[in-house]
Structure formats: C-alpha cells, structure tokens
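The values are calculated or read from the model by the stated rules, or taken from the named source; none is laboratory data. In this text the structure is predicted, and so the values were computed from the model without any measurement. Cβ: placed from backbone, ideal geometry, glycine included. Neighbour counts: every protein chain shown. Calculation scope for accessible area: heavy atoms of the full protein, side chains included, ligands and nucleic acids excluded. Shrake-Rupley method; radii C 1.70, N 1.55, O 1.52, S 1.80 Å.
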Amino acid sequence: MSPEAKALLEQAIGVVCTQAKLDPMSSVAIDEMQARPSLPLQSPEARAGADRAQRLLPIAKELVISSLQQLSTDYGFQNSRSFNDRLSKAIARVNSVKRVRPDMESRDNASVFLSRPHVITFGTIFLAGLRSDEGMISVLAHELMHIADGDNDSLRALVGAIGNKASDLTGLDIHGQRGEEVTCDLIGAMAVRAYIVSTPGYESVARRLARSIQHNCVELDEGDEDHLSPRNTIRALLALNPGLVRELINDRF
C-alpha cells in the first residue's frame with residue numbers, strides 16, 4: 001500500500017471507532033463484552049437480540065451468497081468448473097441454515113458446529129451487544145461463511161487468495177485459519193454494505209457502515225494464532241476493500 005492509501009485507511013479506522021462512541025446503536029466492543037457478566041436466556045436484551053438475529057437470518061443468507069459470487073469473480077475463479085461446483089455446494093449449505101440458538105455459556109461469541117450445520121449459536125452477551133441490524137448481519141454473515149466453507153475447507157482456494165492479498169497489503173501474517181477468519185469478516189462487511197444500499201434511511205452512510213466492524217474497536221487489542229487482533233482485523237478488512245475506506249471517509253456511496 002502507498003503511504004497515501006495507508007493514511008486514508010487509518011482515517012477510516014478513526015471514523016469507525018469514533019462512531020462506536022457516538023452512535024447509540026453501536027456494537028459493544030469485544031473486550032467490553034468479555035468483561036460483562038453472563039446474561040440469562042430470558043433477559044430482555046438477549047431475547048431482543050435473538051429475535052433480531054432470527055429475523056435477519058434469511059436476509060443475511062441472500063447477502064452472503066451474492067457476496068461469495070462477487071468475490072469469486074473478483075479473484076478470478078468464475079471460469080473454474082471445479083471451483084464453481086464447490087461454490088454451488090457451499091451455497092446449498094448456506095441455504096440450509098434455519099435457526100439461531102441463544103446460549104448463555106457462549107457469552108460473547110458466535111459459533112457454528114459443522115456437525116449441526118443448520119444452526120448458528122450465539123452467546124447471550126453477544127446478542128445483547130449487537131444493537132443494530134447492521135452489526136447483527138455482519139456477524140451472521142461471518143458464521144454463514146464458515147458454514148459455506150464446510151468441514152472440508154471447500155472454498156480454500158478463495159480463502160487462500162484473500163489471505164495472501166491481505167498479507168501483501170498489510171505486512172501481517174494472514175494465512176491458514178487467520179485467512180478464513182478475515183474472509184468471513186470481509187463477507188460480513190460486504191453483506192452489510194449491500195444491506196444498506198437496499199434499505200436507505202435517514203442515518204448517515206458512514207455510521208451504518210461502521211456498525212459492521214466497530215465491535216473490533218477495543219482497548220485491549222490481542223490476537224492469537226487463529227485470529228488477528230481486533231484492530232488489525234479492521235485494518236485488513238479496509239486494506240482489502242478500498243471502496244469501503246472511501247465511503248467511510250466521504251459518508252456516501
């Protein structure tokens with residue numbers, strides 16, 4: 001990335017994390033969620049989040065499928081018969097997801113168990129912390145991408161290409177499981193952008209876009225072998241999507 005592109009990227013991160021402080025519907029930062037006590041299944045906040053997630057699941061599925069198809073074209077896989085066969089099966093797996101399951105023990109996490117590929121499990125703290133449709137769609141899309149990839153990593157070629165590009169742009173190690181996690185987050189951001197375009201409203205474009213990634217605006221910025229740190233996750237996503245950088249800064253599509 002050029003110095004100018006890096007400067008714009010950091011400016012866009014500033015927009016995202018400033019909106020996290022100003023927006024009453026912003027998503028709670030991951031480290032703040034982790035510090036909160038567990039929420040009972042029947043708490044009003046958890047129930048409202050579960051209802052939102054279930055309502056948005058069909059929309060998220062459609063957006064994930066269109067985002068996968070777009071990435072397949074962007075990364076040059078559209079003419080590969082073998083990849084298109086794997087993509088068709090991945091889309092079928094996405095379409096098979098039917099239900100969101102709240103779980104108190106999962107706390108601030110969402111997850112999928114590929115032995116039960118029709119269900120996305122959400123911790124009650126996470127359900128309560130994702131206070132907007134945009135924030136919820138981004139996480140639903142992330143988990144749906146894991147389901148699309150399946151237990152055999154059927155989309156590994158696309159995931160590898162995205163991870164390699166993110167690594168080249170940022171200088172970070174974004175391979176293996178990290179590449180899959182960044183791909184899932186990229187799908188989430190793309191899904192939210194498409195959702196905003198299809199549902200215009202009175203709120204600013206920048207505010208709504210920021211909701212897709214602002215849960216990563218943490219004070220305690222730690223990663224692990226399988227995940228970038230939250231703030232580096234934002235950095236990688238924006239490096240992969242310079243259009244999103246422009247839209248965050250200019251507050252318009």
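What the table below lists for this structure:
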read-out	value
Options Ala60, Ala29, Ala48, Ala53; residue that is modelled with pLDDT of 95 or more and in contact with a His (Cβ under 8 Å, 6 or more places away or on another chain)	Ala29
Checklist (1) within 26 Å of Gln54 (Cα to Cα); (2) touching a helix residue (DSSP H, G or I) at 6+ places or on another chain (Cβ under 6 Å) applied to Gln78, failing item	(1)
Long-range neighbours under 9 Å by Cβ, at least six apart or interchain, first residue in contact (Cβ under 8 Å) with a residue 24 or more places away in the chain within the range 77-92, second among the aliphatic types (A, V, I, L, M) and not in a helix (DSSP H, G or I)	Phe83/Leu155; Arg86/Leu155; Leu87/Leu155; Ala90/Leu155
Subset of the range 104-136 that is of a type in the set (Ser, Thr, Tyr) and part of a loop (DSSP other than H, G, I, E, B) - its residue that is modelled with the lowest pLDDT	Ser115
Count of residues meeting criterion [among the small types (Gly, Ala, Ser) and in contact with a Gly (Cβ under 9 Å, 6 or more places away or on another chain)] in the range 23-45	4
Residue identified as among the small types (Gly, Ala, Ser) and open to solvent by 30 Å² or more (accessible area, probe 1.4 Å) among Gly129, Gly223	Gly223
Selection count where residues are in a helix (DSSP H, G or I) and either crowded, with 18+ Cβ neighbours inside 10 Å or among the hydroxyl-bearing types (Ser, Thr, Tyr) (or both), scope the range 57-91	19
Any chance Arg99 is open to solvent by 30 Å² or more (accessible area, probe 1.4 Å) and in contact (Cβ under 8 Å) with a residue 40 or more places away in the chain	yes
Hey, Ala35 under 21 Å from Val139 (Cα atoms), open to solvent by 20 Å² or more (accessible area, probe 1.4 Å) and of a type in the set (A, V, I, L, M) or not	yes
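Here is a yes/no grid of residues against (1) surrounded by fewer than 19 Cβ atoms within 10 Å (Cβ to Cβ); (2) of a type in the set (D, E, K, R); (3) modelled with pLDDT under 95:
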{"residue": "Glu143", "(1), (2), (3)": "no, yes, no"}
{"residue": "Gly163", "(1), (2), (3)": "no, no, no"}
{"residue": "Arg208", "(1), (2), (3)": "no, yes, no"}
{"residue": "Pro230", "(1), (2), (3)": "no, no, no"}
{"residue": "Ile249", "(1), (2), (3)": "yes, no, no"}
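A quick yes/no check of all residues on (1) part of a helix (DSSP H, G or I); (2) free of Cβ contacts under 8 Å to residues at least 12 places away in the same chain; (3) among the basic types (Lys, Arg):
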site	(1), (2), (3)
Asp168	yes, yes, no
Glu181	yes, no, no
Arg193	yes, no, yes
Tyr202	no, yes, no
Leu209	yes, no, no
Glu225	no, no, no
Leu248	yes, no, no
